[in-house]
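In what follows, a structure is listed as structure tokens, so that the remarks can point back to it.
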Amino acid sequence: MNTEESLRPQSLMLTFLGDQVLGRDVCVYSGSVIDVFARAGIGEQATRSTLTRMVNRGLLRRQREGRRMYFGLTEYSAAVLRDGERRIWQTGAVNREWDGTWTLLGFSLPESWQRQRHDLRAKLAWSGFGPLFSGLWIAPGEVDVSSLVAELGLAAHVKIFRAHADTGMDIGAMIEETWDLAELAGHYEGFVRRWQPWETRLPDDASAASGSGESALASSPSSGREEPHLAALALRLRLQAEWLQVIRRDPRLPVRHLPDDWPAEQAEKTFRAVYDRLTPLAQGASERLLDLVPVRPDQV
């Protein structure tokens with residue numbers, strides 16, 4: 001799967017707002033969003049539709065200033081973005097601090113509850129769990145799933161424990177049986193392939209035409225001298241959105257029980273190197289071109 005192609009406009013929108021709005025008590029003008037997203041390969045109609053859908057889902061709110069419409073975060077979207085921020089900049093992709101604790105979740109649902117079973121399994125997988133057995137799932141570390149279980153209305157059917165493996169337990173083999181390590185590694189390896197060329201390039205480098213994001217950026221409308229800055233802003237947007245998508249799929253398994261050539265560390269180095277390289281241009285573009293206004297007290 002090409003992760004770049006699979007990025008949804010909503011994922012890009014949340015990444016953009018987390019980068020430009022989170023923690024600043026500001027709203028951003030819709031026209032600014034449209035300009036940036038055009039250079040990330042997202043058309044105006046798709047951008048407007050995404051903004052509307054996110055308002056309807058409680059992820060964004062509107063604030064009108066004169067004839068212009070601005071968009072800001074809700075409490076819910078701010079919480080989602082803060083979690084993503086922690087995953088990128090604090091917990092990271094490589095789990096070296098694991099203390100041997102596992103979270104075990106057992107469930108028993110009536111046979112007819114197929115939808116509830118599917119929803120529970122999907123949310124457990126998103127939260128880093130893997131199926132040890134059909135009704136017993138496991139995740140590294142202490143994972144709080146109480147709100148997840150309550151949201152699904154399954155508290156009476158679920159039991160949660162903390163545990164440590166017995167002496168002599170082959171944890172590496174258990175991990176290989178429970179999670180698809182080849183698929184997880186493939187996401188990291190694909191990320192490196194797509195983004196490593198940008199460690200030594202910038203959007204105004206003519207030789208960069210074979211790098212990640214080139215199709216979106218090549219079709220961008222030219223804006224003269226400011227184009228490299230806008231291209232860098234759009235490219236960094238895709239970089240962050242894709243990296244977050246990759247690491248959210250990863251249950252952060254303890255690295256000492258993973259294969260020696262586990263690619264997460266190299267992928268994280270690539271992400272940080274490209275991010276640092278793009279940031280001066282991207283920051284310059286955002287400071288000059290984004291129309292931001294303070295959140296009005298009556299809108300909080």
Which members of the stretch 113-159 meet the condition of being aromatic (Phe, Trp, Tyr) and without any contact (Cβ under 8 Å) to a residue 24 or more places away in the chain?
113, 133
Can you name every residue in the stretch 46-74 that is touching a helix residue (DSSP H, G or I) at 6+ places or on another chain (Cβ under 8 Å) and of a type in the set (A, V, I, L, M)?
46, 51, 54, 59, 60, 69, 73
Residue by residue through the stretch 120-138, note down the ones that are aliphatic (A, V, I, L, M) and more than 22 Å from the chain's Cα centre (by Cα).
132, 136, 138
Restricting the search to the stretch 10-45, which residues are closer than 18 Å to residue 240 by Cα and among the hydroxyl-bearing types (Ser, Thr, Tyr)?
11, 15
Return yes or no: is residue 105 within 30 Å of residue 131 (Cα to Cα), in contact with a Lys or Arg (Cβ under 9 Å, 6 or more places away or on another chain) and at pLDDT 95 or above?
yes
Check 26, 36 and return the single one that is modelled with pLDDT of 95 or more and surrounded by 14 or more Cβ atoms within 10 Å (Cβ to Cβ).
26
Can you pull out every residue in the stretch 162-171 that is surrounded by 11 or more Cβ atoms within 10 Å (Cβ to Cβ) and of a type outside the set (D, E, K, R)?
163, 165, 171
Picked from the stretch 260-281 (must be in contact with an Asp or Glu (Cβ under 7 Å, 6 or more places away or on another chain) and of a type outside the set (A, V, I, L, M, F, W, C)), the residue most open to solvent (accessible area, probe 1.4 Å) is 277
Hits in the stretch 139-157 - residues which are small (Gly, Ala, Ser), at negative phi and not in a strand (DSSP E or B):
146, 147, 150, 155, 156
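Okay, residues lined up against (1) among the acidic types (Asp, Glu); (2) under 30 Å from residue 234 (Cβ atoms):
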{"residue": "124", "(1), (2)": "no, no"}
{"residue": "146", "(1), (2)": "no, no"}
{"residue": "179", "(1), (2)": "no, no"}
{"residue": "195", "(1), (2)": "no, yes"}
{"residue": "199", "(1), (2)": "yes, yes"}
Looking at residue 230 and the list (1) at pLDDT below 90; (2) open to solvent by less than 40 Å² (accessible area, probe 1.4 Å); (3) out of contact with any helix residue (DSSP H, G or I) (no Cβ under 7 Å at 6 or more places or on another chain), which single condition is not satisfied?
(3)
Test of understanding: among 71, 107, which residue is open to solvent by less than 70 Å² (accessible area, probe 1.4 Å) and under 27 Å from residue 252 (Cα atoms)?
107
Quick check on residue 66: is it open to solvent by less than 70 Å² (accessible area, probe 1.4 Å), closer than 23 Å to residue 289 by Cα and either touching a residue at least 60 places away in the same chain (Cβ under 8 Å) or charged (D, E, K, R) (or both)?
no
Among the listed residues 139, 125, 155, identify the single one that is open to solvent by 40 Å² or more (accessible area, probe 1.4 Å), under 12 Å from residue 179 (Cα atoms), modelled with pLDDT of 90 or more and not polar (S, T, N, Q).
125
Sort out which residues of the stretch 1-23 are modelled with pLDDT of 90 or more and among the acidic types (Asp, Glu), and write them in order of number.
19
Suppose we keep only residues that are over 14 Å from residue 15 (Cβ atoms) and within 20 Å of the chain's Cα centre (by Cα) within the stretch 241-259. Which one would you say is most open to solvent (accessible area, probe 1.4 Å)?
249
Residue 168 fails exactly one of the following numbered conditions: (1) at pLDDT 95 or above; (2) in a loop (DSSP other than H, G, I, E, B). What is the number of that condition?
(1)
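The values are calculated or read from the model by the stated rules, or taken from the named source; none is laboratory data. This one's a predicted model, so the numbers in the text were calculated from it and none came from an experiment. Every residue, glycine as well, gets a Cβ built from its backbone with ideal geometry; the counts of neighbours run over all protein chains shown. Accessible surface areas use protein heavy atoms only, side chains included; no ligands, DNA or RNA. Shrake-Rupley method; radii C 1.70, N 1.55, O 1.52, S 1.80 Å.
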